[in-house]
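Note sheet for the following structure.
The values are calculated or read from the model by the stated rules, or taken from the named source; none is laboratory data. Predicted, not measured: the structure shown is a model, and the values here were computed from it. Heads up, the Cβs are rebuilt from the backbone with ideal geometry, glycines too, and the neighbour counts pull from every protein chain shown. The area values use the complete protein model at the heavy-atom level, side chains included, leaving out ligands, DNA and RNA. Shrake-Rupley method; radii C 1.70, N 1.55, O 1.52, S 1.80 Å.
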Amino acid sequence: AVVSTQSTGNETFISHCGTRVSNLQALSMEENKQSNGVIVYSRIMTKPGVLTVGKARDRAYLLLNGKLLQTIKGSQANVSIELSPGKLDIVVLSDGHMNTGHVHMDDIRNYMKGLTEPVLFNSEPLLNWDVTLLPLDSMDCIQDTSVSRGFGSYDHFIPGNIYIGEIDKQCDSATDTFLDTTGWGKGIAYFQNINLGRYWPLAGPQLTLYAPGPFCSSQNKDKITVHMIEFEKPADHVTLTDTSNLRGPIDPSQL
């Protein structure tokens, strides 16, 4: 079944979810007592200058006044960008933790997520951050809000935009389903308000996410609902299929 998705316009999950804390110096997820998901570092910049992000794990999106300036990959370090005055948001997405491997475990900070090295502004440490913690265990915070379900614009895309798809179809608890994310970029998918996990078809090779039949009993069984929190490339639909696809194309340049 093909499920058409609707944009919620300029609404992002950041607008509705998460816990707010303050950091003097930007701390990692773990130092903020969060183990997974997304963390957002925000502050007002009052003058122009050069911003340098030491290290972000695993993917960072730099926004100024709600517009994407730059994407920083986990493999990059000490990335600098000219910055104008305005509201700065650094949205950092975790790709999960490895449970083995000397590359990470030789230094505990290499195992942490979020901003793991200082952020500088004109070569000086940038302090006083407002931080939003978003473990994204469920979509309850979205369900509890009055997010519009009308068709929004895909033109003004912001990392973290929410896309909702619904079809009036019986959700069969005896049948397993696979959600095909082909055409999407990178994000987190929910089926019947249950987190299916991360998707990243741009990097590959996994294209489908598994939704066991019992997930259907968690919500209205006469309707199937899919939420996509997208960070890079939205699409206008997802496909529900009865077969998995774990052998899509691989693009190492995405890493």
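Please name all residue pairs, on different chains or six or more residues apart, with Cβ atoms under 8 Å, provided the first residue is in the range 107-122 and is in contact (Cβ under 8 Å) with a residue 24 or more places away in the chain and over 21 Å from Pro135 (Cβ atoms) and the second residue is in a strand (DSSP E or B) and of a type in the set (Phe, Trp, Tyr).
Note: pairs meeting the criteria are Val119/Tyr41.
Looking at the range 245-255, which of its residues are loosely packed, with under 15 Cβ neighbours inside 10 Å and touching a residue at least 60 places away in the same chain (Cβ under 8 Å)?
Within the range 245-255, Leu255 is the sole residue that qualifies.
Where residues in the range 67-95 are basic (Lys, Arg) and modelled with pLDDT under 95, which of them is most open to solvent (accessible area, probe 1.4 Å)?
Lys67
Restricting to the range 206-226, name every residue that is open to solvent by less than 50 Å² (accessible area, probe 1.4 Å) and either at pLDDT 90 or above or over 18 Å from Asp137 (Cβ atoms) (or both).
Leu207, Thr208, Leu209, Ala211, Pro212, Gly213, Cys216, Ile224, Val226
Given the criteria of a type outside the set (A, V, I, L, M, F, W, C), open to solvent by 10 Å² or more (accessible area, probe 1.4 Å) and in a loop (DSSP other than H, G, I, E, B), does Ser35 qualify?
yes
Every residue in the range 43-69 that is in a strand (DSSP E or B) and over 15 Å from the mean Cα position of the chain (by Cα), please.
If the condition is that a residue be in a strand (DSSP E or B) and over 15 Å from the mean Cα position of the chain (by Cα), then Arg43, Ile44, Met45, Gly49, Val50, Leu51, Thr52, Val53, Leu64, Lys67, Leu69 are the ones that fit.
Would you be able to say whether some residue in the range 19-33 is of a type outside the set (A, V, I, L, M, F, W, C), more than 19 Å from Glu117 (Cα to Cα) and in contact (Cβ under 8 Å) with a residue 60 or more places away in the chain?
Yes, the range 19-33 contains a residue that is of a type outside the set (A, V, I, L, M, F, W, C), more than 19 Å from Glu117 (Cα to Cα) and in contact (Cβ under 8 Å) with a residue 60 or more places away in the chain.
Please determine, by comparing only the residues of the range 155-166 that are more than 20 Å from Leu207 (Cβ to Cβ) and not charged (D, E, K, R), which one is surrounded by the fewest Cβ atoms within 10 Å (Cβ to Cβ).
Among those residues, the one meeting the criterion is His156.
Of the residues that sit in the range 11-24 and are modelled with pLDDT under 95 and either more than 21 Å from the chain's Cα centre (by Cα) or not β-branched (Val, Ile, Thr) (or both), which one is nearest to Val131 (Cα to Cα)?
Looking at residues that are modelled with pLDDT under 95 and either more than 21 Å from the chain's Cα centre (by Cα) or not β-branched (Val, Ile, Thr) (or both), I get Arg20.
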